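Contents: one structure, followed by commentary.
The values are calculated or read from the model by the stated rules, or taken from the named source; none is laboratory data. Owing to the predicted nature of the structure, the values given are computational and were not obtained by experimental measurement. Every residue, glycine as well, gets a Cβ built from its backbone with ideal geometry; the counts of neighbours run over all protein chains shown.
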Amino acid sequence: MAQLTQRAATFQRTLSAAAFSVSSTRCLNTASTSPITVETSLPFTGHKIDPPSRSVETTPQELLSFFRDMALMRRMEIAADSLYKAKLIRGFCHLYDGQEAVAVGMEAAITKKDCIITAYRDHCIFLGRGGTLLEAFAELMGRKDGCSKGKGGSMHFYKKEGGFYGGHGIVGAQVPLGCGLAFAQKYSKDENVTFAMYGDGAANQGQLFEALNMAALWDLPAILVCENNHYGMGTAEWRAAKSPAYYKRGDYVPGLKVDGMDALAVKQACKFAKEYALKNGPIILEMDTYRYHGHSMSDPGSTYRTRDEISGIRQERDPIERIRKLILSHDLATEKELKDTEKEVRKEVDEAIAQAKESPLPDPSELFTNVYVKGLGVEAFGADRKELRAVLP
Amino acid sequence: MAAMLQSVRVASASFHLPDPSKLPVFSVCTLPVIRSERSSSLDPIHGTRRTRKVITKAVAAPAENSATAASKPGHELLLFEALREGLEEEMDRDPRVCVVGEDVGHYGGSYKVTKGLAQKFGDLRVLDTPIAENSFTGMAIGAAMTGLRPVVEGMNMGFLLLAFNQISDNCGMLHYTSGGQFTIPTVIRGPGGVGRQLGAEHSQRLESYFQSIPGIQMVACSTPYNAKGLMKAAIRSENPVVLFEHVLLYNLKERIPDEEYVLSLEEAEMVRPGEHVTILTYSRMRYHVMQAAKTLVNKGYDPEVIDIRSLKPFDLYTIGNSVKKTHRVLIVEECMRTGGIGASLTAAINENFHDYLDAPIVCLSSQDVPTPYAGTLEEWTVVQPAQIVAAVEQLCQ
């Protein structure tokens, strides 16, 4: 049966290729929304909860958009790598390549009214929440057109309209903030949830458990998502945590372990978690994922793990490759079309970088804006109300 | 001057200029604000600096004035009740205002500031938290990011050291690092200062630690009148405000007006006008200074006492005018000598008003020691009225 469909498909493909060349964007627009059911690569593991089923409903349009979005994110991070080495991006730059499936799968399951808050590895989540490439690159390069006007940097991307609350540098501090967002959602009685994301390193922070206790006590619609990439900077998870089963560490709070390299599994888990959290309070999701780069650009990423490990994961579990194989096996697009998408994406990223490079640096007067909210006569005066004038070279 | 003021305050059509002889009376149109004419240095609409005269109207309401002044007699209450009144009025006015802290709800607050509020507003608006300062402060800040206006109570200010990261990074800096996208309208309040033999860890003065955090405002209340006014102003402010109360001042009684009033967060209070020396103080030390002032007046001195109230930023307008008048400054504070509010104020006055000083600024602060338990030792840690009298005598030689 499969052979039959395959032969028919090959026949169809040659026909369509002969008839006209389909551009990948056109492919995306005209892709059908007829449902396809896909099995996730691994089953979910639940802690004090029945895990959702392995069969995920998706559509060709969704799969193609997954591919495009993840390719865009991957391309953006690689471009950021080159920009950092060219010294256009300074300071700390934490790259997300390898973990794109988490961002993309989560977005597919929720709306922009739901809130996401994460730590410093925030570039791709920012994109997922509606941020543009220009805003991202301009912020990385410290330009005026950045999402935080160039004053935040890599670790402080925010998008209020998109429900993206940052972008935080101190490990673990964003989790109480996330529970606060959930508290406000419960207070205003809007039926939305908050995804408070953190890493396996932050999972050992005390404030996380404090916040989890309060979220569970008051049934806040908070979903704590542990992006377990197995390394807290240079320390492997087994060297930092007595119990690396992060989804179980909530104790009385149920948890779910998800294959974080499978965008569809992430989507299923987030959908399940949203329904759960709206009714019953907090739940922990552990996304088993991996980052190809080091912790940040100052970390080569190879002193604490072998290159074989990295290339092994890239070959077997890469999220983009998985979606590519899925698309090809279901005949939703041809190899060439996918390659064209990647080329388009590359062009888009290059254009955005060029545009961001044109963007001006912030005005010196911007040093003093947004320290206080205007209207109280306090415009960044020092304690003695004298404006500090810095002479910039 | 009057015309300029009236053109600026477009919203309140019937705004009467306060009469110097009695307490300000106003007809309520929009938000009534009692402030002296030199409330903010920038014209709020045009952004230009206004020149104005100094009219010392922000006087602490002594009991004898209020009986004769207002059309309605005020009502007498204790400082913690004044705080509660301010908080309750703001919670009635804006449903987004909520209180977060340990034992604020069912217990009514460890200093009774939130007594009865949970029964009136419900458990979600007056939230009893577990003992987790770091995370419940973080939670309040996260809620503020979405538009709620939480009032965080630290049972004792010293406990908020556990939440320092949240207060510094997320409360103070988030408005800046997000490029203005998020405002954090939180109020962080609680009692601090040296009490009656509470021990070192419960007698801390956090204003010295918080003063460098960019993006927050700090105020200290000292009377029921300014406690209620500052509480309301802090809640209405779009900026994060830290309101410092004092453990020993909660039972002060005063008569305050029945009408609604909001004080300016950046204004100092003229407690006692004088000619010979400017004494700058805040919170509990104000009372030690006033006690010393009685002795000084008997000895023939005429001290000008200013309660600075606004710890960040300083009201250098009021302070400067006073320095220009008296040419001598004495700062009396409860912070420690090293890195306290007095240290910053000394630097600020020296830098800005050096030409007007006839003598070096004298700053009396607490000793750089952990507050001891023994009563006599604790007394020697803080500045006492006798020391203030001696310092003034030396300054005025």
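Scan the range A:118-133 and give yes if some residue there is within 11 Å of chain B (Cβ to nearest Cβ) and not aliphatic (A, V, I, L, M), otherwise no. No. Restricting attention to the range B:312-321, the residues being among the hydroxyl-bearing types (Ser, Thr, Tyr) and either buried (at least 21 other Cβ atoms within 10 Å of the Cβ) or more than 9 Å from chain A (Cβ to nearest Cβ) (or both) number 1. Among the residues of the range B:315-340, those that are under 18 Å from residue B:219 (Cα atoms) and of a type outside the set (Gly, Ala, Ser) comprise B:315, B:316, B:317, B:318, B:319, B:331, B:332, B:333, B:334, B:335, B:336.
Against the list (1) facing chain B (nearest Cβ under 8 Å); (2) crowded, with 24+ Cβ neighbours inside 10 Å; (3) free of Cβ contacts under 8 Å to residues at least 40 places away in the same chain, the condition residue A:170 fails is (2).
Can you find a residue in the range B:355-364 that is closer than 26 Å to residue B:223 by Cβ and charged (D, E, K, R)? No, the range B:355-364 has no match at all. When restricted to residues that are buried (at least 24 other Cβ atoms within 10 Å of the Cβ) and either without any contact (Cβ under 8 Å) to a residue 40 or more places away in the chain or touching a His at 6+ places or on another chain (Cβ under 8 Å) (or both), the range A:215-225 contains 0. Highlighted here are the helices (runs of 4 or more DSSP H) found entirely within the range A:204-313 that include at least 3 residues which are in contact with a Pro (Cβ under 7 Å, 6 or more places away or on another chain): A:206-217, A:263-280.
State whether one or more residues within the range B:324-342 are free of Cβ contacts under 8 Å to residues at least 24 places away in the same chain and under 22 Å from residue B:208 (Cα atoms). Yes, some residue in the range B:324-342 is free of Cβ contacts under 8 Å to residues at least 24 places away in the same chain and under 22 Å from residue B:208 (Cα atoms). Among the conditions (1) at the interface with chain A (Cβ under 9 Å from one of its Cβ atoms); (2) touching a residue at least 60 places away in the same chain (Cβ under 8 Å); (3) surrounded by fewer than 23 Cβ atoms within 10 Å (Cβ to Cβ), the only one that residue B:266 does not satisfy is (3). Among the residues making up the range A:231-264, those that are within 20 Å of residue A:291 (Cβ to Cβ) and either β-branched (Val, Ile, Thr) or not assigned by the TED database to the domain that holds residue A:49 (or both) are A:235, A:258.
The residues on offer are B:190, B:195, and the sole one that is crowded, with 23+ Cβ neighbours inside 10 Å and of a type outside the set (S, T, N, Q) is B:190.
Of the residues examined, residue A:149 is not one that is within 8 Å of chain B (Cβ to nearest Cβ) and without any contact (Cβ under 8 Å) to a residue 24 or more places away in the chain.
The set of residues from the range B:170-181 being facing chain A (nearest Cβ under 7 Å) and either crowded, with 24+ Cβ neighbours inside 10 Å or farther than 14 Å from residue A:117 by Cβ (or both) comprises B:170, B:175, B:176, B:177, B:178, B:179, B:180. Of all positions in the range B:84-98, none carries a residue that is within 25 Å of residue B:200 (Cβ to Cβ) and in the same structural domain as residue B:238 (by TED's automatic domain parsing). Somewhere in the range B:278-290, is a residue of a type outside the set (S, T, N, Q) and assigned to a strand (DSSP E or B)? Yes, because at least one residue in the range B:278-290 is of a type outside the set (S, T, N, Q) and assigned to a strand (DSSP E or B).
Hey, can you tell me all the residues within the range A:300-341 that are closer than 20 Å to residue A:37 by Cα and loosely packed, with under 13 Cβ neighbours inside 10 Å? A:325, A:329 - these are the residues of the range A:300-341 that are closer than 20 Å to residue A:37 by Cα and loosely packed, with under 13 Cβ neighbours inside 10 Å.
Residue count for the range A:137-167 satisfying the condition of being closer than 18 Å to residue A:83 by Cβ and either outside any loop (DSSP other than H, G, I, E, B) or not basic (Lys, Arg) (or both): 17.
So that you can scan it fast, the table gives a plain yes or no per residue for (1) out of contact with any Cys (no Cβ under 9 Å at 6 or more places or on another chain); (2) in a helix (DSSP H, G or I); (3) of a type in the set (A, V, I, L, M); (4) modelled with pLDDT of 95 or more:
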{"position": "A:103", "(1), (2), (3), (4)": "no, yes, yes, yes"}
{"position": "A:106", "(1), (2), (3), (4)": "no, yes, yes, yes"}
{"position": "A:172", "(1), (2), (3), (4)": "yes, no, no, no"}
{"position": "A:177", "(1), (2), (3), (4)": "yes, yes, yes, yes"}
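For the range A:186-203, the set of residues classified as surrounded by fewer than 24 Cβ atoms within 10 Å (Cβ to Cβ) and part of a helix (DSSP H, G or I) consists of A:186, A:187, A:202, listed by residue number. Just one of (1) over 23 Å from residue A:103 (Cβ atoms); (2) in contact (Cβ under 8 Å) with a residue 40 or more places away in the chain fails for residue A:295. It is (1).
The condition of being modelled with pLDDT under 95, within 21 Å of residue A:229 (Cβ to Cβ) and among the aliphatic types (A, V, I, L, M) holds for only one of A:42, A:72, A:95, A:127, that being A:42.
When B:166, B:217 are screened for being within 21 Å of residue B:234 (Cα to Cα), buried (at least 22 other Cβ atoms within 10 Å of the Cβ), in contact (Cβ under 8 Å) with a residue 60 or more places away in the chain and at the interface with another protein chain (Cβ under 9 Å from one of its Cβ atoms), only B:217 passes.
Restricted to the range B:168-257, the set of helices (runs of 4 or more DSSP H) holding at least 2 residues that are in contact with a strand residue (DSSP E or B) (Cβ under 9 Å, 6 or more places away or on another chain) and small (Gly, Ala, Ser) comprises B:224-236. Taken over the range B:322-373, the criterion of being surrounded by 14 or more Cβ atoms within 10 Å (Cβ to Cβ) and in contact with a Lys or Arg (Cβ under 6 Å, 6 or more places away or on another chain) is satisfied by B:334, B:335, B:356, B:359, B:365.
None of B:189, B:196 is among the charged types (D, E, K, R) and either under 17 Å from the mean Cα position of the chain (by Cα) or within 12 Å of chain A (Cβ to nearest Cβ) (or both) except B:189.
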